[in-house]
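Asks: One structure follows; several queries about it will come next.
The values are calculated or read from the model by the stated rules, or taken from the named source; none is laboratory data. This is a predicted model, so every value here is computed, not measured. Cβ atoms come from the backbone with ideal geometry, glycine included; neighbour counts cover every protein chain shown.
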Amino acid sequence: MASIEMLVWITEQISIGGYLILLISGIIGSCANIYIFSRKRLQRSPCFHYVFIASVFDFFNISFSVTTRLMADGFQFDPFTVSSIGCRIRTYIAFVVSFCPMGCRCLAIIDRYLCTSQSIFLRNLSSVKIADRLLFINCSLWFLIGIPMLVVFDSIHVNSNQVTCNTLNKEFTNYFSFFVNPVLYFFMPIIIIIIFSTLTYRNIRFVNRIHNVKMKQLAFMIIIETSIFVISSIPHGTRFIYILLTNSIEKNVYRKAQENLFYQISRITFFFNSAFAFYIYFLLSSEVRSIIKSIFIKRHHRIVPIALNMRRPINS
C-alpha cells in the first residue's frame, strides 16, 4: 500500500505531466482544426460548420481552463482565488467553454441525419443559415445556465495556507451534481448519439454509392468523437456525485490523498476530447488527411526548357 507522501507525489506528477500533454497537444490540435474547418469549401457544409465552432471553444477550453488547472493543481499557484470576482469569472468561463462544444457536436450528429434523409423537408433543414441559428441558441443556453456560478462561487479558505474556489450553496451543488453534469452533459448526449447515429446509418444505406463512402466516413467520425467526449466525462461527473454522497463522512488523511488522486485523473480525462479531437479527425477522415498533406507536401512544378533548333537561313 502506497504511503500518503507517495500518493501526494504521484498526484503532483500526474497533474503536471497530464496537463502539459493536454496543453501542448490541445493547442496544436485545436489550431489545426480551426485552420482546416475554416476553409470556404468546408464552411458550406453545416456539419463542418458545427465542428468549426466546437474547435474554437476547444481552443479556449485548452488554453484557458487547462492552463489555470496546471498552475493551481500542478504548481500550487492559483491567481484566481485571490478575489471573489476572479474566482467567479474563472469558473463561469471554464464552464461555458467546456459545455458549449458538446452541444455543437450533438448538433453535428443531428445534421448528419438530416442531410442523409430521403425527406426533402428534412434535408432542407440541413443548411448553414439554420446551423448559425442553432449555434447561437446552443451557446446562449450554456451562457445562461452558467450565470448562477457568478453568484454562488467564492474564494473559500480550506486552512490557513490553502484557498480554493468553490461553493457552499447546497441547492446549487445538488442542481449541478444531479442535473447539469449527469443529465445535460452525459445522458442527453448519449441519447442523441444512439438515436441519430442509428437513424443516420439507416439513411446512408439508401444513398447512392458515389456519396455513400464520404457520408459514412463523416458520420462515423462525428459519432466516435462525441462518444469519446461523453466517456471521458464520466469520471468527472462521478466525482461530483461521490463528493455529495460522502460529504458528511469524516475522512482521514490517507483517504483524502486517495480522493485527490482520483480527482486529478478525472479532471485530466475531462479535457481529453477538446485536446485530441483533431487527431480523431485525422485518423478517421481522409479529407482531413488530404488537407494536412497539402500543407506539408508542396508540389514543385518543374519548367522544362524547349530546345529550339535555330538554323541560319541558307543564302541562295
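Asks: Is there any pair with a first residue in the stretch 121-148 that is farther than 16 Å from ALA108 by Cβ and a second that is surrounded by 15 or more Cβ atoms within 10 Å (Cβ to Cβ) and acidic (Asp, Glu) whose Cβ atoms are under 8 Å apart and which are 6 or more apart or on different chains, and what are they?
Replies: Short answer, once both residue conditions are applied: none.
Asks: For the subset of the stretch 182-237 comprising residues that are among the hydroxyl-bearing types (Ser, Thr, Tyr) and at pLDDT 80 or above, which member is nearest to PHE262 (Cα to Cα)? Break it down stepwise before answering.
Replies: Keep residues of the stretch 182-237 that are among the hydroxyl-bearing types (Ser, Thr, Tyr), which gives 185, 197-198, 200-201, 226-227, 232-233.
Pick out the ones that are also at pLDDT 80 or above and you get 185, 197-198, 200, 232.
Working: TYR185: 20, SER197: 32, THR198: 34, THR200: 37, SER232: 14 Å.
By that ranking, first place goes to SER232.
Every residue, every condition in (1) under 23 Å from MET149 (Cβ atoms); (2) of a type in the set (A, V, I, L, M), yes or no:
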{"site": "ILE191", "(1), (2)": "no, yes"}
{"site": "ALA219", "(1), (2)": "no, yes"}
{"site": "GLU225", "(1), (2)": "no, no"}
{"site": "HIS236", "(1), (2)": "yes, no"}
{"site": "TYR242", "(1), (2)": "yes, no"}
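Asks: Continuing with the same structure: Does at least one position in the stretch 265-283 carry a residue that is more than 26 Å from PHE64 (Cβ to Cβ) and either over 14 Å from the mean Cα position of the chain (by Cα) or surrounded by fewer than 20 Cβ atoms within 10 Å (Cβ to Cβ) (or both)? Outline the logic, then answer.
Replies: So the first thing to find is which residues in the stretch 265-283 are more than 26 Å from PHE64 (Cβ to Cβ), and the list is 283.
Next, from what is left, pick out any that are either over 14 Å from the mean Cα position of the chain (by Cα) or surrounded by fewer than 20 Cβ atoms within 10 Å (Cβ to Cβ) (or both): 283.
The answer is yes; a qualifying residue exists.
Asks: Can you find a residue that is in contact with an Asp or Glu (Cβ under 6 Å, 6 or more places away or on another chain), at pLDDT below 95 and over 24 Å from ASN273 (Cβ atoms) anywhere in the stretch 15-28? Step through it out loud before you land on a result.
Replies: From the stretch 15-28, those in contact with an Asp or Glu (Cβ under 6 Å, 6 or more places away or on another chain) are 15; that's our starting set.
Keeping just the survivors that are at pLDDT below 95 gives 15.
Within this subset, residues satisfying the condition of being over 24 Å from ASN273 (Cβ atoms) are none.
Checked against the condition, which is being in contact with an Asp or Glu (Cβ under 6 Å, 6 or more places away or on another chain), at pLDDT below 95 and over 24 Å from ASN273 (Cβ atoms), the stretch 15-28 yields no hits at all.
Asks: Within the stretch 104-153, track down each residue that is surrounded by fewer than 18 Cβ atoms within 10 Å (Cβ to Cβ), small (Gly, Ala, Ser) and in a helix (DSSP H, G or I).
Replies: Within the stretch 104-153, SER140 is the sole residue that qualifies.
Asks: While we're here: Please find, within the stretch 45-64, the residue that is farthest from ILE130 (Cα to Cα) out of those that are of a type in the set (Gly, Ala, Ser) and assigned to a helix (DSSP H, G or I).
Replies: Looking only at the stretch 45-64, we keep the residues that are of a type in the set (Gly, Ala, Ser), and these are 45, 54-55, 63.
Remaining after also requiring assigned to a helix (DSSP H, G or I): 54-55, 63.
On the way: ALA54: 16, SER55: 19, SER63: 29 Å.
Ranking the qualifying residues of the stretch 45-64, first place goes to SER63.
Asks: Can you pull out the residues in the stretch 29-61 that are charged (D, E, K, R) and either within 21 Å of THR91 (Cα to Cα) or modelled with pLDDT of 95 or more (or both)? Give the derivation first.
Replies: Let us first name the residues in the stretch 29-61 that are charged (D, E, K, R), namely 39-41, 44, 58.
Within the stretch 29-61, ASP58 is the sole residue that qualifies.
Asks: Could I ask something else about it? Just checking, how many residues over the stretch 247-271 are part of a helix (DSSP H, G or I), touching a residue at least 60 places away in the same chain (Cβ under 8 Å) and either polar (S, T, N, Q) or under 17 Å from LEU22 (Cβ atoms) (or both)?
Replies: Within the stretch 247-271, the first condition is being part of a helix (DSSP H, G or I), and the residues that meet it are 253-270.
From what is left, the residues that are touching a residue at least 60 places away in the same chain (Cβ under 8 Å) are 253-254, 257-258, 260-261, 264-265, 267-268, 270.
Restricting the remaining residues to those that are either polar (S, T, N, Q) or under 17 Å from LEU22 (Cβ atoms) (or both) gives 258, 260, 264-265, 267-268, 270.
Residues that pass the stated criteria total 7.
Asks: Out of everything in the stretch 1-24 that is of a type in the set (Ser, Thr, Tyr) and crowded, with 18+ Cβ neighbours inside 10 Å, what residue ends up being farthest from the chain's Cα centre (by Cα)? Step through it out loud before you land on a result.
Replies: As a first pass, look at the stretch 1-24 and keep what is of a type in the set (Ser, Thr, Tyr): 3, 11, 15, 19.
So of that shortlist, the ones also crowded, with 18+ Cβ neighbours inside 10 Å come out as 11, 15, 19.
Details: THR11: 24, SER15: 19, TYR19: 15 Å.
That would be THR11.
Asks: List the number of the failed condition for ASP154; all other conditions in (1) in contact with a Lys or Arg (Cβ under 6 Å, 6 or more places away or on another chain); (2) within 30 Å of ALA72 (Cα to Cα); (3) of a type outside the set (Val, Ile, Thr) hold.
Replies: Status for ASP154: all satisfied but (1).
Asks: Pick from the stretch 25-42 the residues that are of a type outside the set (Val, Ile, Thr) and crowded, with 17+ Cβ neighbours inside 10 Å: which of them is farthest from VAL128 (Cα to Cα)?
Replies: So in the stretch 25-42, the residues of a type outside the set (Val, Ile, Thr) come out as 25-26, 29-33, 35, 37-42.
Checking which are crowded, with 17+ Cβ neighbours inside 10 Å leaves us with 26, 29-30, 32-33, 37, 42.
On the way: GLY26: 27, GLY29: 24, SER30: 22, ALA32: 22, ASN33: 18, PHE37: 14, LEU42: 11 Å.
Result: GLY26.
Asks: Same structure, new question: State whether one or more residues within the stretch 23-32 are under 18 Å from SER294 (Cα atoms) and outside any helix (DSSP H, G or I).
Replies: Checked against the condition, which is being under 18 Å from SER294 (Cα atoms) and outside any helix (DSSP H, G or I), the stretch 23-32 yields no hits at all.
Asks: Just give me the residues in the stretch 51-79 being surrounded by fewer than 20 Cβ atoms within 10 Å (Cβ to Cβ), more than 22 Å from the chain's Cα centre (by Cα) and over 16 Å from GLY18 (Cβ atoms), in sequence order.
Replies: Scanning the stretch 51-79 gives PHE77, PRO79.
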